[in-house]
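Coordinate-derived values only; no laboratory data. Computed from a predicted structure; not experimentally measured. With ideal geometry, Cβ positions are generated from the backbone for all residues, glycine too; neighbour counts draw on all protein chains shown.
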Amino acid sequence: MRLRSVELELPDRAAAVEFLKDPWGLMEAGTRGATTYLRGTGDHPYIVAVTEAPGAAMAAATFSGSPAEIEALYARAKASGLPHGEWTGEFDEPGSGAGFSVPGPEGEPFRFVVEAERVAALPAESGRPLQVSHVVFNSRDREAATRTLVDALGFKVSDRTRIMSFLRCDDTHHAVAYADAKNASLNHIAFEMPDLDSVMRGIGRLRDAGMEPAWGPGRHGPGNNVFAYFIAPFGACIEYTAEVQRVDDSYRTGGPEDWKWPPNRTDHWGIAKRDDAKLAASGAAFPFRASRERRTGSRLKRA
Ligand SMILES: [Fe+2]
């Protein structure tokens, strides 16, 4: 199972789509009704969906896998007692098969779908995102959220720091992370670039568009990935990343004692500038929104 896409609701879809194409680097992958789909060069049919809506919100973080993986996860979520959406025979979106949605303990909108058809990857391009690498949520009770993902949804903990937990669902060091916060909301979405050079080219392209990083460039501790964070014009914090660590079951789960920075450092290189006020404001601007099925009310049931 792997992270496939994020689904966003935004009041100005056209402007968001234009930004995500240029300067951000995604490519349009079709429109259905009020939703426009964007892809990277990887083999996902789309990686961001933007639906026109009255307010900005995160509607879903979607994971895809084989029929056996997703069916087993549905059974596991049901058995766990998490409230969940019913099994949906076919989601109406590019490349999607059957699946289900399930909110995390603080309403994080997860969806899990069968990868019905893998589209052909496009040639990787320097400076253009491949796919979504991870999604990070702000959480009031990080330990409870982490436990739910492990127990009910089969994730594994890669690392814990003093303020964050990093979880994986395949060999990427983290697909989901939780950050301590006063409110549950989207913290950021990371887009995987082909390499470090691509991250730098991305920063240059955003600078040409008049935008400076809110944090970075730098190299993270957990995951060892290169990063540069920006606040998108539509309010979400988004990251270019590359060289994220790949791990297997032999990876030793790290704890807060393993991840301490010397004073005045927030990354391995020691060069990353960070605008805390800007980063905090973007999280507050981006709440979760119940997925379409949950909004109808009728399809949600407790196991
Ligand atoms: Fe990140």
Worksheet item: Taking Cα centroids, how far is region 61-87 from region 172-250 in Å?
Response: 28
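Using a ≥ b ≥ c from the Cα gyration tensor of region 139-186 (square roots of the eigenvalues), is it rounded, prolate or oblate, where a/c under 1.5 gives rounded and otherwise the larger of a/b and b/c decides, a/b for prolate?
prolate
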Worksheet item: How far apart, in nm, are the 7 Å Cα→Cβ label points at ASP180 and ALA15?
Response: 3.6
Practice prompt. Could I have the simple spin-label model distance between LEU122 and ALA79, label points 7 Å from Cα toward Cβ, reported in nm to one decimal?
Written response: 4.2
Item to complete: Please give the direction-averaged projected area of the C-alpha convex hull for the chain, in square nanometres with one decimal.
Response: 14.6
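Do the alpha carbons of any pairs in LYS156/LYS260; LYS78/LYS156; LYS156/LYS278; LYS182/LYS260; LYS182/LYS278 sit beyond 25 Å of each other, and which pairs?
Numbers: LYS156/LYS260 22 Å; LYS78/LYS156 19 Å; LYS156/LYS278 31 Å; LYS182/LYS260 23 Å; LYS182/LYS278 16 Å.
Distance filter (> 25 Å) returns LYS156/LYS278.
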Worksheet item: Between TRP261 and ASP170, what is the FRET efficiency for a Förster distance of 25 Å, r being their Cβ-Cβ separation, to the nearest 0.05?
Response: 0.35
Practice prompt. Count neighbours as other Cβ atoms within 10 Å of each site's Cβ, and list the GluC sites (Glu not before Pro) in region 1-73 that are DSSP loop with at most 15 such neighbours.
Written response: none
Response to the item:
Residues whose built amide H sits under 5 Å from the amide H of ALA59, excluding neighbours closer than 5 in sequence, are GLU7, LEU8, GLU9, ARG289
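With r defined as the distance between the Cβ atoms of SER250 and ASP276 and R0 fixed at 35 Å, what FRET efficiency is calculated, to the nearest 0.05?
On the way: r = 36 Å, r/R0 = 1.02.
Efficiency computed from Cβ-Cβ geometry: 0.45.
Using just the helices of the chain, give the 222 nm mean residue ellipticity in deg cm²/dmol: DSSP H runs with n ≥ 4 each add -39,500 (n - 2.57), and the total is spread over all residues, rounded to 500.
On the way: 6 runs with 60 residues, N = 303.
Calculated at 222 nm, the ellipticity per residue is -6000 deg cm²/dmol.
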Response to the item:
Note on region 1-106: alpha-carbon gyration tensor, axes a ≥ b ≥ c; rule is a/c under 1.5 for rounded, else prolate if a/b larger than b/c, else oblate; result prolate
Item to complete: Within 10 Å, count the other beta carbons around each residue, average over each peptide in 262-271, 126-135, and list them highest first.
Response: 126-135, 262-271
Worksheet item: For GLU52 and ASP92, FRET efficiency with R0 = 22 Å and r from the beta-carbon atoms, rounded to 0.05?
Response: 0.90
Discussion item. Show me, for region 117-123, the HN-Hα J-couplings you get by feeding each phi into the Karplus relation (A = 6.51, B = -1.76, C = 1.60, θ = phi - 60°), rounded to Hz, glycine and proline as x.
Written reply: 8, 8, 7, 5, 5, 8, x
Worksheet item: Considering only DSSP states other than H, G, I, E and B, which trypsin sites (Lys or Arg not before Pro) in region 133-218 qualify as loop sites with at most 12 other Cβ atoms within 10 Å?
Response: ARG162, LYS182
